[in-house]
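*Asks:* Pasting a structure below so you can have a look.
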Amino acid sequence: MKSEEASLALLSRTGIVATPGNGFGISGEGYVRFALTVDTPRLREAIDRIVNEGLFNPK
């Protein structure tokens, strides 16, 4: 999955915003970037949402 696709999927399926990695250059393609600016319980909630959606599970 390309970084822009991953960012859009995160937003639409979990409500989590991530910056596409390709915004940081060609070597960032295939990655997303998160700003960890909330407390630990809120981070745990976000991680749980990502895991429950299975967005980054390799097939």
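The values are calculated or read from the model by the stated rules, or taken from the named source; none is laboratory data. All of these numbers come straight from a predicted model, not from anything done at the bench. FYI the Cβ positions are ideal-geometry reconstructions off the backbone, even for glycines, and counts take in every protein chain you see.
*Asks:* Regarding segment 18-33, can at least one residue be identified that is of a type in the set (Ser, Thr, Tyr), surrounded by 12 or more Cβ atoms within 10 Å (Cβ to Cβ), out of contact with any Lys or Arg (no Cβ under 7 Å at 6 or more places or on another chain) and not in a loop (DSSP other than H, G, I, E, B)?
*Replies:* no
*Asks:* Is it the case that ARG44 is basic (Lys, Arg), part of a helix (DSSP H, G or I), under 19 Å from ASN57 (Cβ atoms) and touching a residue at least 24 places away in the same chain (Cβ under 8 Å)?
*Replies:* no
*Asks:* Taking the residues in segment 26-45 that are of a type in the set (Gly, Ala, Ser) and at pLDDT below 95 as candidates, determine which candidate is farthest from LYS2 (Cα to Cα).
*Replies:* Only one residue fits best here, namely ALA35.
*Asks:* Taking segment 47-59 on its own, how many of its residues are surrounded by 14 or more Cβ atoms within 10 Å (Cβ to Cβ) and either touching a strand residue (DSSP E or B) at 6+ places or on another chain (Cβ under 8 Å) or in a loop (DSSP other than H, G, I, E, B) (or both)?
*Replies:* Count: 1.
*Asks:* Just checking, how many residues over segment 8-17 are surrounded by 13 or more Cβ atoms within 10 Å (Cβ to Cβ) and not in a helix (DSSP H, G or I)?
*Replies:* Of the residues in that region, 1 qualify.
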